[in-house]
Amino acid sequence: MGVSASGKSTVGARLAEHIGVPFLEGDDLHPSANRAKMASGHPLDDADRRPWLTALTEWILVAAGHGGGVAACSALKREYRDQFRRAGADVWFLYLALDRAVAAERIARRKGHFMPPELLDSQFETLEPLRADEPGATVDASSSAADVVEAALRAFARAGGDQSDEAAPDRGPSVTPPRV
């Protein structure tokens with residue numbers, strides 16, 4: 001979880017590969033109307049996010065029933081994260097903390113992404129960082145992706161998660177995201 005350009009997709013994909021579970025790019029579940037709205041420079045509201053959060057929740061439940069998975073998504077508000085937990089899955093959050101200046105620089109370098117730099121402020125305004133009573137860890141996302149992944153794996157191991165490839169010799173089942 002985290003704001004745009006915090007490295008959610010890169011770190012999430014590497015973590016999923018290392019742990020041996022399916023990976024979901026949460027942005028893939030946004031309805032086309034959401035993508036168009038963001039691309040035009042308008043932030044999403046909770047009504048816009050509702051079908052996306054529902055689809056994410058469904059994917060999380062399916063993945064949990066097949067040994068787990070890693071989903072990269074902003075999950076900026078506590079209420080969104082609570083929705084995933086209330087669904088009944090054992091969810092652990094990795095908050096990739098990043099300051100606005102670094103996020104802005106990274107967004108400026110991206111090519112072909114639907115999220116324009118103008119929406120970064122709205123993400124920081126919406127952001128409710130992971131709280132101490134939420135299962136997960138906060139990692140500084142300003143360093144290299146490799147360093148962030150290592151920090152995440154250490155935090156996951158401390159939390160009781162298994163982070164070795166030997167624990168999951170097959171790469172897990174194919175978990176297909178629901179269509180919105």
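The values are calculated or read from the model by the stated rules, or taken from the named source; none is laboratory data. What you are looking at is a predicted structure, and each value in this text was computed from that prediction instead of being measured. Glycine also receives a Cβ, built like all others from the backbone with ideal geometry; neighbour counts cover every protein chain displayed. For accessibility, only protein heavy atoms count, side chains too; no ligands or nucleic acids. Shrake-Rupley method; radii C 1.70, N 1.55, O 1.52, S 1.80 Å.
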Estimate the FRET efficiency between S40 and E105 by the formula 1/(1 + (r/R0)^6), using the beta-carbon distance for r and 25 Å for R0, to the nearest 0.05. 0.60
Accessible surface, the chain, averaged per residue in Å² (probe 1.4 Å): 50 Å²
Quick P(r) readout (segment 2-59; Cα-Cα; 10 Å bins; whole %) gives 21, 46, 28, 5
Roughly how many percent of the accessible protein surface of segment 39-109 is carbon and sulfur, given a 1.4 Å probe and a whole-percent answer? 52 percent
Calculated from DSSP H runs of 4 or more alone, at -39500 (n - 2.57) each and per residue, what is the 222 nm mean residue ellipticity of the chain, nearest 500? -13500 deg cm²/dmol
Which of the lysines could be linked to K77 by a straight reach, that is with a Cα gap under 18 Å, when you skip same-chain ones fewer than 8 residues away? K8
Debye intensity ratio in log₁₀ form over the Cα atoms of segment 15-100, taken at each q of 0.17 Å⁻¹: -0.75
Could you give the angle, 0 to 90 degrees to the nearest 10, between helix 46-65's Cα long axis and the longest principal axis of the Cα atoms of the chain? 10 degrees
